[in-house]
Amino acid sequence: MKKFFMILSIVILTLIPIIPMQTYARLALIVNPAQNTFTINGDTYILENKSLIQGNTVFVPLREVLTKIGYSVQWDESAYAVVCDGDGKNIIMIVSRDRINVNSKMHNVTHAPFFHNDVLYISTEVLQKSTDLAVEIAEFVPTKFDSGISKTIIGDEMRTQTTRAYGSIFVSGTRAMESIVLTHISDYASLISQASAQLPNCNVYNMIVPTGTEYYGEKVKSIIGDVTSLYDKLDPSVIPINVFEELDKHKDENIYFRTDHHWTQRGAYFAYQKFLEYSHRSLPPLSQFPVEKKTYTGSMANFLAQTPYGAVMRNNPDEIEYFKPIVKTSATVYNDKWLKDKSRGVSVVSASGGYLGYIGGDAPVTVIKSSCYSDKKLLIVKESFGNALATWAVNNYSEIYVIDPRYFNNKKHPNSFKLTDFYELTKFDDVLFINYPGGVSSDDFRNGLLKML
């Protein structure tokens, strides 16, 4: 009898498919950023290139990790991509693209592969989606995003003597600028943090854009300290974007209007580039976009109409640039959160109407669709500074929803809007709150945002 069971056991064992031990052990990979190691199949490896931590995300050097687990790694310079083969998988990752190709199937990822000190890095999310490993992170403490704004210093080379012309408006030669004190910092930071808590499946970003006085006015009081304080009060889940330094690098270009209180589409380009750094995506060079230029006299001429400076503005108009999309786009304005009450169609960029040429100006909800490579969706919650920035998002998001809280939940605009309802309808991936100092300090904007929560 014992001999029978022994023979039966041998027969059964021969019928069980043999799974290579190495493949079986690959079901789990443990990354330890604190010790700069990863462990697989019981073996622990020390990484020559350190793991990187950004907020809640850990990034590892692609070549080091994948070659250690048996993949071949080849660089395709012409495609600016890395091709990895192993364990029955063919993986293609293009630098700065938030989609990866695994056995000819596309997968969206939160953070695209990127170079750091000439080393290509991927997030643990990309590692898991490309290899099907159960990736674990040990001894991991999420860090608060450091925007670097507290260390930002604005140079004085473009500053000129200014004269208070009217209220918070200052004039230097043919340039008019607003000088706005940032108030209600704690209230604003609390609202953004509450919104992030209600949208746990989204990446939430916050961007404060300075006025032109930060670069061209007399050196009196910078708002960098106030914005630093605001960013420090944000919940760690919110990613603060520092555009002050990036705009400073380009302040000798046409990044702010002289006769209008807004920034230009060119200025918004550089700020949007900074935003993309946090998701490791890229934007084509400005030179690739067709541009149409016109003369333009903006809001400052009206604000200063009853002063001698009004004529100065009218007699010295701006040159406004309209950079046209290089992808196919369409845009529609709606009056409601369910996107049923259609108001009108608009152009993403139209060389008419001054600043209104960017997504048709302010509106309750503007839905923009793009033929770009990505399937990602972006929600922009903004006042008018966000309009020019939205024109660049079409290069990285297939759908962009632009929301203005001033058009909801108040006596003038009683139609209701809740962020969570809109998320359930659209399932956006990223959220960008963008404001200039006047919006942060505005009761109308903050109250509108509060009622959206």
Next on the checklist: Can you name every one of the helices (runs of 4 or more DSSP H) wholly within the range 341-453 that holds 2 or more residues which are under 17 Å from the mean Cα position of the chain (by Cα) and either at pLDDT 95 or above or in the same structural domain as Pro285 (by TED's automatic domain parsing) (or both)?
Outcome noted: 385-393
Checklist entry - Can you name the residue in the range 129-177 that is aliphatic (A, V, I, L, M) and part of a loop (DSSP other than H, G, I, E, B) and is also modelled with the lowest pLDDT among such residues? => result Val141
Next on the checklist: If I go through the range 97-118 residue by residue, how many of them are closer than 16 Å to Tyr80 by Cβ and surrounded by 18 or more Cβ atoms within 10 Å (Cβ to Cβ)?
Outcome noted: 6
Item to check | Breaking point among (1) free of Cβ contacts under 8 Å to residues at least 24 places away in the same chain; (2) crowded, with 23+ Cβ neighbours inside 10 Å; (3) not aromatic (Phe, Trp, Tyr), for Gly310 | outcome: (2)
Checklist entry - Does any residue in the range 362-375 that is in contact (Cβ under 8 Å) with a residue 12 or more places away in the chain and within 18 Å of Leu283 (Cβ to Cβ) come within less than 7 Å, Cβ to Cβ, of a residue that is among the acidic types (Asp, Glu) and assigned to a loop (DSSP other than H, G, I, E, B) six or more places away or on a different chain, and which pairs are these? => result Ser374/Asp98
Next on the checklist: Looking for something buried (at least 17 other Cβ atoms within 10 Å of the Cβ), over 19 Å from the mean Cα position of the chain (by Cα), over 27 Å from Ala393 (Cα atoms) and among the acidic types (Asp, Glu) - is there at least one such residue anywhere in the range 238-258?
Outcome noted: no
Next on the checklist: Need the failing condition index for Ser186 against (1) assigned by TED's automatic domain parsing to the domain that holds Gln54; (2) without any contact (Cβ under 8 Å) to a residue 60 or more places away in the chain; (3) among the polar types (S, T, N, Q), just the number.
Outcome noted: (1)
Next on the checklist: Please pick out the residue among Val65, Val126 that is part of a helix (DSSP H, G or I), crowded, with 21+ Cβ neighbours inside 10 Å and either touching a His at 6+ places or on another chain (Cβ under 9 Å) or not aliphatic (A, V, I, L, M) (or both).
Outcome noted: Val126
Item to check | Pair list, Cβ < 7 Å and 6+ apart or interchain, from the range 428-449 residues that are closer than 17 Å to Val402 by Cα to residues that are in a helix (DSSP H, G or I) and of a type in the set (Val, Ile, Thr) | outcome: Phe433/Ile192
Checklist entry - Can you pull out the residues in the range 293-332 that are among the aromatic types (Phe, Trp, Tyr) and assigned to a strand (DSSP E or B)? => result Tyr296, Tyr322, Phe323
Checklist entry - Just for the range 277-291: of the residues that are modelled with pLDDT of 95 or more and in a helix (DSSP H, G or I), which one is nearest to the chain's Cα centre (by Cα)? => result Leu286
Next on the checklist: Which pairs turn up if I take residues in the range 76-90 that are under 21 Å from Phe115 (Cβ atoms) and look for partners that are in a loop (DSSP other than H, G, I, E, B) with beta carbon separation below 6 Å, at least 6 apart in sequence or on another chain?
Outcome noted: Tyr80/Val95; Cys84/Tyr71
Next on the checklist: Which count do you get for residues in the range 341-355 that are β-branched (Val, Ile, Thr) and touching a helix residue (DSSP H, G or I) at 6+ places or on another chain (Cβ under 9 Å)?
Outcome noted: 2
Checklist entry - Could you count how many residues in the range 200-221 are buried (at least 17 other Cβ atoms within 10 Å of the Cβ) and more than 26 Å from Tyr397 (Cβ to Cβ)? => result 7
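The values are calculated or read from the model by the stated rules, or taken from the named source; none is laboratory data. Here the structure is a predicted model, which is why all the values come from computation and not from measurement. Methodologically, a virtual Cβ is constructed for each residue, glycine included, from the backbone with ideal geometry; neighbour enumeration extends over all protein chains shown.
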